[in-house]
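The values are calculated or read from the model by the stated rules, or taken from the named source; none is laboratory data. Remember, it's a predicted structure, so these values are computed and weren't measured experimentally. Cβ placement follows ideal geometry from the backbone for every residue including glycine, while neighbour counts extend to all protein chains displayed.
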Amino acid sequence: MVLFSSEKKVDFNADVKPILNKKCISCHGGVKQSGGFSVLFREEALAKTESGKPAIVPGKPDESEFIRRLTVNDPEERMPYKHDALPDAEIKILKNWVKQGAEWGKHWAYVPVQKEVVPDGNDEWSRNDIDHFIYDKLDASGLSPSIEADKPTLLRRLSLDLTGLPASETVSKKFLSDPSDKAYENLVDALLASPAYGERWTSLWLDLARYADTKGYEKDAHRSIWRYRDWLINAFNSDQPYDAFLIEQIAGDLLPNPTDAQYIATAFQRNTLTNDEGGTDNEEYRTAAVMDRVNTTWEALMGTTFACVQCHSHPYDPFKHEDYYRFMAFFNNTRDEDTFEDFPLLREYKNGDSLKFEKLKAWLSQNVKGSEKESIIRFLKTGQPVINSVTTDAFTNSALADTKWLSLRNNGSSRLKK
């Protein structure tokens, strides 16, 4: 452990946070906050504890209970409680940190990227700025770059990386017989133009989107959602802009006059498990589906594990427990009853019906205006809005059969929730 003098700036992320996470956070974190003291966030660390006073007084380590508890001899007071005392070097780091103002640090992933100065390299090996960084590190470590791989090796590596398949005979022959400086660049272009490129990278996104052609749980019945897979392949192969790629999957149905493809893209939100087992509680599994969408949206779109915040604030990322439920409220208005069918579904009109549908849309455009026209078209395409019979809350000579559908006997009636 490096010792710091009072003149040297203590780095929170590099020097302080590792100590807090290893020695303090189990008792003073998101789940457990002994004595009303937490070191998860600065505002919590500087807040008043159960004693009525803050444990950390920025700039004043001698007045900070946090520091006193690390050095006191009484085992009932010394922290970490019922564990070995912190080494003097770690105590010194924490004391200097408090003395310098107890400043917090941002997680590296949320700090804006800064432009780096490219190392001055006169080496002949480097071909671009990234190579200069690599060569500089190698040189500092007394290493030298490996020799360039031969063309067959480069062909194999690049093809497997971009398409997941060996290159075709045509592409291989063209690259291996191309003596120009553009041979590798031309190979990249050829592989990116291959349909296999979209298939390869779609498979990775499907894992993030928890794609499956079955519903999961005890029956694991069939789910027809392969058009979403094909939409993804087309999106990669057509080099769709990333912002459109995400917007259409999150809310394609809310775009103005959405196309069939934009409706299909929203299947990203429909890949939740569905329990068709008899007697399941609709609200329980509706909520489970909503939480699954929250977790998947954060993991796939933001590269952040968010499910932990369901139970406690993050010890590393700047997310509080309440943030999870604020975000969940955004999705908490969806239909996810545990029926045997998936709703809503996109209707596909074929042959003569497709012509009739186009004529009807043209008639609506001329005779019905604004949102009313859009509502009618949306109903024709999705069957929405609709009230599901499983929402009934009063029965006369009727019942919900297996909690999945409404059954009525002669002269039976039931009340649907409004």
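For the subset of the range 340-376 comprising residues that are without any contact (Cβ under 8 Å) to a residue 24 or more places away in the chain and in contact with a Lys or Arg (Cβ under 7 Å, 6 or more places away or on another chain), which member is surrounded by the fewest Cβ atoms within 10 Å (Cβ to Cβ)?
The residue in question is Ser365.
Which residues, counting only those in the range 38-63, are among the β-branched types (Val, Ile, Thr) and either farther than 13 Å from Gly101 by Cα or crowded, with 21+ Cβ neighbours inside 10 Å (or both)?
Within the range 38-63, Val39, Thr49, Ile56 qualify.
Can you pull out the residues in the range 218-249 that are more than 24 Å from Tyr197 (Cβ to Cβ) and either surrounded by 16 or more Cβ atoms within 10 Å (Cβ to Cβ) or touching a residue at least 60 places away in the same chain (Cβ under 8 Å) (or both)?
Ala221, Arg223
State all residues of the range 293-313 that are in a helix (DSSP H, G or I), under 11 Å from the mean Cα position of the chain (by Cα) and not β-branched (Val, Ile, Thr); if no residue qualifies, say none.
Arg293, Asn295, Trp298, Glu299, Ala300, Leu301, Met302, Ala307
Looking at the range 122-168, which of the residues that are surrounded by 11 or more Cβ atoms within 10 Å (Cβ to Cβ) and acidic (Asp, Glu) is modelled with the lowest pLDDT?
Asp123
Just for the range 195-229: of the residues that are of a type in the set (Val, Ile, Thr) and within 24 Å of Gln262 (Cβ to Cβ), which one is nearest to the chain's Cα centre (by Cα)?
My answer is Thr202.
Consider only pairs whose beta carbons are under 6 Å apart and that are at least six residues apart or on different chains; among these, list those whose first residue lies in the range 147-166 and is free of Cβ contacts under 8 Å to residues at least 60 places away in the same chain and whose second residue is in a loop (DSSP other than H, G, I, E, B) and surrounded by fewer than 16 Cβ atoms within 10 Å (Cβ to Cβ).
Sorted first by the residue in the range 147-166, then by its partner, the pairs are Ser159/Pro166.
Could you grab the pairs with beta carbons closer than 7 Å, sequence gap of 6+ or different chains, first residue in the range 58-84 and over 22 Å from Val10 (Cβ atoms), second one assigned to a helix (DSSP H, G or I)?
Glu77/Arg69; Arg78/Arg69
Restrict the check to the range 14-28 and report whether at least one residue is touching a strand residue (DSSP E or B) at 6+ places or on another chain (Cβ under 7 Å), in a loop (DSSP other than H, G, I, E, B) and of a type in the set (Ser, Thr, Tyr).
no
Could you tell me which numbered condition Asn388 fails, if it satisfies all but one of (1) of a type in the set (S, T, N, Q); (2) loosely packed, with under 11 Cβ neighbours inside 10 Å; (3) under 27 Å from Ile225 (Cβ atoms)?
Among (1) of a type in the set (S, T, N, Q); (2) loosely packed, with under 11 Cβ neighbours inside 10 Å; (3) under 27 Å from Ile225 (Cβ atoms), Asn388 violates only (2).
What residue, among those in the range 304-319 that are within 19 Å of Lys32 (Cβ to Cβ) and at pLDDT 85 or above, is surrounded by the fewest Cβ atoms within 10 Å (Cβ to Cβ)?
Looking at the filtered set, the residue picked out is Cys311.
Please find, within the range 315-347, the residue that is farthest from Ser26 (Cα to Cα) out of those that are of a type in the set (Ser, Thr, Tyr) and under 18 Å from the mean Cα position of the chain (by Cα).
Ranking the qualifying residues of the range 315-347, first place goes to Tyr325.
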